[in-house]
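So the structure is just underneath, and the comments pick up after that.
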Amino acid sequence: MAVTPSQRIDVLKTYKLFIGGAFPRSESGRVYSVKDSKGNHLANPSLASRKDLRDAVVAARSAFPAWSAATAYNRGQILYRMAEMLEGRSEQLVTEIIALEGVTVKSATEQVQESVDLLVWYAGWSDKIATIAGSTNPVSGPYYNFSTPEPIGVVAIFAAAKPSLLNFVGALAGVITSGNTAIIVASEKYPLPAITFSEIMATSDLPAGVVNVLTGSATELVPWAASHMDIDAIDASGLTSKQLKEAQLAGVANLKRIRVHTQSKAPERILNYMETKTVWHPIGI
Amino acid sequence: MITDTSEGSLKAFLKTLPQVDEVGASARAAMLATRSIKTSSKAWAIDMAISMVDLTTLEGADTPGKVRAICAKAVRPDATDLSVPSVGAVCVYNDMVHIARTSLDLIGGRAIPVAAVATAFPSGRASYAVKAQDTIDAINAGAAEIDMVIDRGAFLSGRYGEVFDEIVKIKELCGDKAHLKVILETGELVTLDNVRKASYLAMLAGADFIKTSTGKVTPAATAPVVFVMLEAVRDYYSMTQTRIGVKPAGGIRNTKDAIKQLVLVNEVAGPEWLNPQLFRIGASALLNDLLLQRMKLRDGYYASPSYVTLD
């Protein structure tokens, strides 16, 4: 007997975390309720614990050597591949954005398209940033002296809320295009596009652990991320001023770099998470 | 227990050992691994584990410089925290023993023994003359512990007498100058029954310690294997009133694994074995993770591998 549509039981998606290339549930087993723009229950994503954060840092740190040593060209290709994948999944993201943010179809579609373009824009930066931000320096001595920007290491990102996908993609692409690895805590209120985007990353040749996505409460995770000695920088764009202050206080132990951005499309998104290395090379010997 | 150590009598004795219930042993070991050890118990366990580490470097690329670095770390695992205990021993190849001994003596590590792997480690495939010379060399260079490998080929072919006699002879060479650890290389013994048999063979032949693996073969120190070996030393103690030590080696890379081992020791062999004289962990990467976990407990925030030495 054929099953009519009304008889079929819905297969609902379990929204999970993205750590080390896998999609685990929170080790705490917790979830929280996300509401749509009208206040109705929409989904139960994982409520990440500090242990999940720690696992994500371990994954990010172990992915760092290979990702930062990959050629800039290769990193650019992979970011471009993410853009291709995002293009193909745009319909699903448009649906999620409309449900969460309550925007029009047109506005949601524009946001997704803008996110695709943003990925392409950051992909292009990967092999140009060293040319723009690096230099050969005049020195009075028999040395060839040059400075190049290098990725800082593991960056924790607290993504800003709306527009959810654009903020998420912009923060992430700027950080990883230079060779950093990232732990990104999605907006607590609008996490679904971030989770769907994790599925895009998982199928874009992005090595496991380069980007790790947590969903849950920024308030809960901020002190642990800020004091974690193995996180080198924090993009605090999504934090409240109180949370930012807390992060700055807890982050002094390893002189953590903490930055806030207002634009998704800006070279500072890349440069703020790089450090300049200067090399003196003797000449004439 | 047995007085006649001829091949026939050894075989007869080993046959009397009860068979290991593989499923039961794995289940029991897995169940004990779920114990949650936190806060002050964890702090105690980390320090205990550090003092049990046989800090090991067994690479073809070992240099005197690397051995000296390992020795410095053995004495003061964390240079920024003097309350961290020294490790149990430094474990190196034969030709590095002298360098390890002298550098330990120079930097206040007189109490830390040097363990040498001997008898054609890791395969054990050499003539007895070579194995004996290997052992004598190491002892003369200052090794206080000899980690010998058994002849797995002979054991698996059922030539127990040969394996037994070799251990007895190496034990004689060690005399009272060195402790003898016998490496069973459980990854090549196939079954837990064989692990039990080999454990008894080594203990009867005079081993001071039985050690799981060389670290060159996987699987190495799995929980069921360590479980069976701990049972063996416990039962041997009840038969002979002699306590034999156990040393798992290989594959124990983080604090969680190490604490699981300590739980096994406490629950299977008993708390008497919870000391570096009777339980050691052969490891290299483990020590850094123990130090990081120790920092986390001390400081209250997560530590970074950038703050411990690379080795």
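The values are calculated or read from the model by the stated rules, or taken from the named source; none is laboratory data. Note that this is a predicted model, so its numbers are computed, not measured. Glycine also receives a Cβ, built like all others from the backbone with ideal geometry; neighbour counts cover every protein chain displayed. Remember, those area values only see protein heavy atoms, side chains included, never the ligands or the DNA or RNA. Shrake-Rupley method; radii C 1.70, N 1.55, O 1.52, S 1.80 Å.
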Which percent of the accessible area of segment B:8-80 is formed by carbon and sulfur heavy atoms (probe 1.4 angstrom)? 59 percent
Compute the accessible area per residue over segment A:4-58, keeping the other protein chains in place, probe 1.4 Å, unit Å². 61 Å²
Among A:GLY216, A:THR240, A:ILE195, the residue whose Cα sits farthest towards the positive end of the charge dipole of segment A:177-247, when +1 is placed on the Cβ of each Lys and Arg and -1 on the Cβ of each Asp and Glu, is A:THR240
Listed by chain and number, the lysines with an alpha carbon less than 17 angstrom from that of B:LYS11, same-chain partners under 8 positions apart left out, are B:LYS197
Interface buried area A-B, accessible surface with 1.4 Å probe, both sides summed, nearest 100 Å², comes to 900 Å²
What do you get for the angle between helix A:218-227 and the principal long axis of chain A? Use alpha-carbon atoms, 0 to 90 degrees, nearest ten. 20 degrees
May I ask which residue of B:PRO219, B:GLY175, B:MET52 lies farthest towards the positive end of the charge dipole of segment B:7-294, with charges of +1 (Lys, Arg) and -1 (Asp, Glu) on Cβ and the Cα centre as origin? B:MET52
Kindly write out, for segment B:137-142 in residue order, the coupling ³J(HN,Hα) from the Karplus curve 6.51 cos²θ - 1.76 cosθ + 1.60 (θ = phi - 60°), rounded to whole Hz, with x marking Gly and Pro. 3, 5, 5, 5, 7, x
Tell me the carbon and sulfur percent of the accessible area for segment B:95-187, rounded to whole percent, probe radius 1.4 Å. 55 percent
Running a GNM on chain B with Cα contacts under 10 Å, which residue among B:ILE70, B:ILE99, B:ILE210 ends up with the highest mean-square fluctuation? B:ILE99
Where a ≥ b ≥ c are root eigenvalues of the Cα gyration tensor, a/c under 1.5 meaning rounded, otherwise prolate if a/b exceeds b/c and oblate otherwise, segment B:1-86 counts as oblate
Is the C-alpha gyration tensor of segment B:1-46 telling us rounded, prolate or oblate? Criteria: a/c under 1.5 is rounded; beyond that, a/b larger than b/c is prolate, otherwise oblate. oblate
To the nearest 20 debye, what charge dipole does segment A:117-200 have about its Cα centre, counting +1 at the Cβ of each Lys and Arg and -1 at the Cβ of each Asp and Glu? 160 debye
Running a GNM on chain B with Cα contacts under 10 Å, which residue among B:THR56, B:THR240, B:THR255 ends up with the highest mean-square fluctuation? B:THR240
Counting only Cα atoms, I'd like the Rg/Rh figure for segment B:251-311, Kirkwood definition for Rh. 1.03
³J(HN,Hα) across segment B:273-281 via Karplus (A = 6.51, B = -1.76, C = 1.60, θ = phi - 60°), whole Hz, x for Gly/Pro? 7, 7, 8, x, 6, 10, 8, 10, 10
Size of electric dipole in segment B:7-294: Cβ of Lys, Arg +1 and of Asp, Glu -1, about Cα centre, debye, nearest 20: 500 debye
Over the protein assembly as shown: helical MRE at 222 nm, DSSP H runs n ≥ 4 each giving -39500 (n - 2.57), nearest 500: -14000 deg cm²/dmol
How big is segment B:52-144 along each principal axis, measuring the range of its Cα positions in Å and listing the largest first? 47, 23, 22
Accessible area of segment B:66-174 divided out per residue, in Å², using a probe of 1.4 angstrom: 39 Å²
Evaluate chain A: find the radius of gyration of its Cα atoms, find its Kirkwood radius, and give the ratio Rg to Rh. 1.03
On a 0 to 90 degree scale, rounded to 10, what angle separates helix A:241-250 from the longest Cα axis of chain A? 50 degrees
Among the listed pairs A:LYS128/B:LYS296; A:LYS51/B:LYS211; A:LYS128/A:LYS162; A:LYS13/B:LYS42, those beyond 32 Å (Cα-Cα): A:LYS128/B:LYS296; A:LYS51/B:LYS211; A:LYS13/B:LYS42
Share, in percent, of DSSP beta bridges within the protein assembly as shown that are antiparallel, nearest 5: 30 percent
For chain A, with only Lys/Arg (+1) and Asp/Glu (-1) charged at the beta-carbon, what is the dipole magnitude about the Cα centre, in debye rounded to 20? 500 debye
Would you mind checking which residues have amide H under 5 Å from A:ASN137's amide H? H placed 1.01 Å from N; only 5 or more apart, or other chain. A:ASN145, A:PHE146, A:SER147
Counting other Cβ atoms within 10 Å of each Cβ, which trypsin sites (Lys or Arg not before Pro) in segment B:26-103 have at most 12 and sit in a DSSP loop? B:LYS38
Using Cα centres only, tell me the gap between segment A:9-45 and segment A:234-258 in whole Å. 27 Å
Considering the convex hull of the alpha carbon atoms of segment A:79-140, report its projected area averaged over all viewing directions, in nm², one decimal. 5.5 nm²
Tell me the carbon and sulfur percent of the accessible area for segment B:217-280, rounded to whole percent, probe radius 1.4 Å. 49 percent
For segment B:188-265, the Cα convex hull volume per residue in Å³ comes to 84 Å³
Compute the long axis of helix B:97-106 from its Cα atoms, compare it with the longest principal axis of the Cα atoms of chain B, and write down the angle in degrees, 0 to 90, nearest 10. 40 degrees
List of segment B:273-307 residues, accessible area with partners at least 40 Å² below that of the chain alone (1.4 Å probe): B:TYR301, B:TYR302, B:TYR307
Give me log10 I(q)/I(0) at q = 0.09, 0.11, 0.22 Å⁻¹ for segment A:1-138, Debye formula, one equal scatterer per alpha-carbon, no solvent. -0.45, -0.66, -1.27
B:SER51, A:SER6, B:SER284, reordered so the largest accessible area comes first (probe 1.4 Å): A:SER6, B:SER284, B:SER51
Pick out which of B:VAL265, B:VAL114, B:VAL190 has the largest mean-square fluctuation in a Gaussian network model of chain B, springs linking Cα atoms closer than 10 Å. B:VAL190
Take every Cα-Cα pair in the protein assembly as shown and report what % of them are more than 41 Å apart. 41 percent
Under a 5 Å amide H to amide H cut-off, with H placed in plane at 1.01 Å, what residues pair with B:LEU180 once short-range neighbours are removed? B:ILE146, B:ASP208, B:PHE209
Value of Rg to Rh for chain B (Rh from inverse mean 1/r over Cα pairs, i.e. Kirkwood): 0.96
Cut-off under 5 Å, modelled amide H: who pairs with B:ALA118 long-range: B:ASP147, B:MET148, B:VAL149
Kindly write out, for segment B:51-57 in residue order, the coupling ³J(HN,Hα) from the Karplus curve 6.51 cos²θ - 1.76 cosθ + 1.60 (θ = phi - 60°), rounded to whole Hz, with x marking Gly and Pro. 6, 9, 6, 8, 5, 10, 9
Relative contact order, percent, segment A:82-136 [alpha-carbon distance under 8 Å, six or more residues apart]: 40 percent
